[in-house]
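Please read the structure below before turning to the comments.
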Amino acid sequence: MKFAQEFRKSLQQEGFPQRWVSSAVPYGQLKKCLKKVTNELQELGLDKDTLAQLANTQKDPSTVAFHYHLDGKTTDSKYFRPRLTFFIHLKDGVAVDAKLTPSTRDFLKKIVPRTEGVSDPMVDEPGHETLSPTSPNPQRPPLSEEYLSSIQQIEVPLVFDGEFFDILQTDVSNLDVLQEEEQDKLGKEIALLGQEINIATKPSKGRKVRGDLETWRKIFELYLDARVFFSTLESDHGARTSSQAVEQLRWFQDQVLSRKLVHGLKLNNSRQAYTRFLNTNALLLQILKFQEINNLAVTKILKKFDKRTSLGVSRVFPVTVRSNHLLAGSVAKDLCAQMSTELISVVPQLDDYLCPICFAVAYWPVRLECQHVFCSRCLVKMSRKGERFCPLCRADVIMRAGLENFDSARAAFLREYFPKEVKEKIRANERERNREIFGPDYSDSPCSVM
Ligand SMILES: [Zn+2]
Ligand SMILES: [Zn+2]
């Protein structure tokens, strides 16, 4: 299937909101405009083969060169002002270069007479930001004065390429705005959802029904493992494509189902929040998919532009265009960041509260002067061995630690959010201490009376 058809079909069938569809890349319009560009070039004798031939000769510094400059960023104007400039080596008004094909010679013959006379608008005007004849190709070696004086710099007046790039830039900007609006809206929804989950998971002593803290923690653990929109793993680091994200999301939902976690949610609000959480992910996925096909449309139309003109824009345009999201390729990453900072962080994860030495919950928590937190047990053992330096930052702080370093706020927080882990850790600490006192055979199982 042709891309134009494919693009139209996915715009219609993916269930995108109408407002999105109307800001999609106007692929058909761009294609029509591209036709005008190629006609314009052809009228000047610049068909794609001639241009390709000229582009080829650029590699040889002593031959004719042209430069196609997309002047997007350098001007304040929001309009593109592309410029096609030729550097022609002339002798008695005739282009001399044995390597030129007859068609290229024809073209040059056509435009050369038009450059004679200073009043000709196509010849360099003062005030134009133009390249000096020595700089069209940075690799070009210094040339003799005689040679330079025979080089003419001619700007080819084109209209429709400007129109083409204006349409494209306008649309890319619109898509960026749409992305920002959707992210904003989602941000609000995510914040609300966060509040709800916060209420459902907040430990409360007076509450008869225990909250859903444990279950939500398991759900979010699985969600983090799924790395739906962005992977932080070394093996597949980076943004996911929408089809990968679908797979990851499916895996997550299957896991939640098979572990009967939704069943385990006791509060009504929790179950509703889970449904909303899934819907939010579905919407994120839609945004990703939409931006993805539009990004593809931009790539395709630029490739087509190059295929028809040999002007090499698919390399230049993405650099020149102003885009914070679509062409910056940050859509998936932005979505992922939003999800994890505003929602997942509502439910504290054990990983963030482990003692870096024993990898159990850091209880009792001792905060050293360098602000690193360890469990008191590990620090006691270190100071006994005479170790003075923090294992994380090598600051000389361990011997200076005392009772005042006990972090009581952190301790209360850990008891609230990780009651099970804290109990286990206290028991393990006691066991270890008793072994130190009573010897390695000590067992804390209740002693049996004979
Ligand atoms: Zn420890
Ligand atoms: Zn430290």
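The values are calculated or read from the model by the stated rules, or taken from the named source; none is laboratory data. Please read all numbers here as calculations on a predicted model, not as lab measurements. Virtual Cβ from ideal backbone geometry, glycine too; neighbours counted across all protein chains shown. Surface areas here come from the heavy atoms of the whole protein model, side chains and all, with no ligands, DNA or RNA. Shrake-Rupley method; radii C 1.70, N 1.55, O 1.52, S 1.80 Å.
What the table shows:
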read-out	value
Filter result (out of contact with any Gly (no Cβ under 9 Å at 6 or more places or on another chain), more than 14 Å from ligand 1 (Cβ to nearest atom) and without any contact (Cβ under 8 Å) to a residue 24 or more places away in the chain) within segment 389-412	PHE389, CYS393, ARG394, ASP396, GLY402, LEU403, GLU404, SER408, ALA409, ALA412
Among residues of segment 371-380, those that are in a loop (DSSP other than H, G, I, E, B) and within 13 Å of ligand 1 (Cβ to nearest atom), counted	1
Residue in segment 355-370 that is within 14 Å of ligand 1 (Cβ to nearest atom), in a helix (DSSP H, G or I) and either touching a Pro at 6+ places or on another chain (Cβ under 9 Å) or modelled with pLDDT of 85 or more (or both) present	no
Residue list for segment 411-442, restricted to those being open to solvent by less than 80 Å² (accessible area, probe 1.4 Å) and in a loop (DSSP other than H, G, I, E, B)	PHE418, GLY439, TYR442
Subset of segment 291-309 [more than 16 Å from GLN5 (Cα to Cα) and over 15 Å from the mean Cα position of the chain (by Cα)]	LEU302, LYS303, PHE305, ASP306, LYS307, ARG308, THR309
Selected residue [part of a helix (DSSP H, G or I), touching a residue at least 24 places away in the same chain (Cβ under 8 Å) and away from ligand 1 (no atom under 11 Å from the Cβ)] from SER383, SER340	SER340
Positions within segment 357-374 being within 16 Å of ligand 2 (Cβ to nearest atom) and either open to solvent by less than 40 Å² (accessible area, probe 1.4 Å) or in the same structural domain as ILE199 (by TED's automatic domain parsing) (or both), in sequence order	ALA362, PRO365, VAL366, LEU368, CYS370, VAL373, PHE374
Leading residue by the ranking (surrounded by the fewest Cβ atoms within 10 Å (Cβ to Cβ)) among those in segment 375-410 that are farther than 26 Å from ILE437 by Cα and more than 13 Å from ligand 2 (Cβ to nearest atom)	GLU404
Any hit, segment 276-298, residues being farther than 18 Å from LEU335 by Cα and not aliphatic (A, V, I, L, M)	no
Condition met for GLY238 (touching a strand residue (DSSP E or B) at 6+ places or on another chain (Cβ under 7 Å) and either surrounded by 13 or more Cβ atoms within 10 Å (Cβ to Cβ) or under 20 Å from SER340 (Cβ atoms) (or both))	yes
Hits in segment 306-340 (condition: modelled with pLDDT under 80 and in contact with a Pro (Cβ under 9 Å, 6 or more places away or on another chain))	LEU327
Candidates VAL347, VAL366 - the one that is touching a Ser or Thr at 6+ places or on another chain (Cβ under 6 Å) and closer than 30 Å to LEU285 by Cα	VAL347
